[in-house]
Amino acid sequence: MSLTDKQKKFYQDALNQTRDEIKEIDAQIEKELAEVKERLATLQEAKKAALQMHGAACMRLGVKNEFAEEGE
């Protein structure tokens, strides 16, 4: 069974609309991923600095550093 002109237009419009929607979603996903990666990098740097400070405090106090393996 072939499609009428009206049906073809309906499906072509749906095809075009969903193609655009998929492209917009992909762009939003990339934007969100970039923001998450940036936030993770910031948190990792903060953790690294905190681990260094904690290690130095442990050395000065002469106590075991429970994070020693994690910071290496």
Expected single match for loosely packed, with under 10 Cβ neighbours inside 10 Å and charged (D, E, K, R) among D5, D13 is D5
Can we say E66 is out of contact with any helix residue (DSSP H, G or I) (no Cβ under 6 Å at 6 or more places or on another chain) and outside any helix (DSSP H, G or I)? yes
Across (1) more than 23 Å from the chain's Cα centre (by Cα); (2) β-branched (V, I, T); (3) surrounded by 10 or more Cβ atoms within 10 Å (Cβ to Cβ), V63 clears everything bar (3)
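None of the figures in this text is laboratory data; all of them are computed from the coordinates on show. Predicted model only: the values in this text are computed from it and were never measured. Cβ atoms come from the backbone with ideal geometry, glycine included; neighbour counts cover every protein chain shown.
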